[in-house]
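Please treat every number below as a calculation from the coordinates, not as lab data. Computed from a prediction, not measured in an experiment: that's the story for all the values here. Cβ coordinates were reconstructed from backbone atoms using ideal geometry, including for glycine residues, and neighbour counts include every protein chain displayed.
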Amino acid sequence: MEFVAAVTKPLVGAMPLLLVQDAIREAEEMLRQFTVLYPDEMLLRTALRGAVAYQLSWFDAHLWAYAEHFGLSELLSEDFQHDRLYGTVRAVNPFL
């Protein structure tokens, strides 16, 4: 999880080390090489898919992946588009 966040964050006065697509590809390669203890591999793959499919930040994609993986129907957050369906999870902004 931290790898994708770290390499896609812009450096001071420069571009990030990797574009999101490249970082995700590298993360998928690491999933093939190493055993993931926590969160499990399926959850990480779901987050990777969400980052690409919904153009979510890596941390938002990870939060959504937990909701999707564990069958939650609703995610309360101001960081997602209100009332949008992401997979099977509806995002609700509780501050609106």
Quickly work out the Met15-to-Phe95 label distance, labels modelled 7 Å from Cα along the C-beta direction, and quote it in nm with one decimal.
3.3 nm
Pseudo-spin-label distance Thr35 to Tyr66, built 7 Å along Cα→Cβ, given in nm, is 2.5 nm
How large is the dipole of segment 2-92 about the Cα centre if only Lys and Arg carry +1 and Asp and Glu carry -1, each at its Cβ, rounded to the nearest 20 debye?
140 debye
Calculate for the chain the 222 nm mean residue ellipticity that helices alone would give, adding -39,500 (n - 2.57) per DSSP H run of length 4 or more and normalising by residue count, nearest 500 deg cm²/dmol.
-14500 deg cm²/dmol
Tell me the relative contact order for the chain as a rounded percent, counting alpha carbon contacts under 8 Å between residues six or more apart.
17 percent
Of Leu75, Pro39, Ser57, farthest towards positive along the dipole that unit charges on Lys, Arg, Asp, Glu beta carbons give segment 1-78:
Ser57
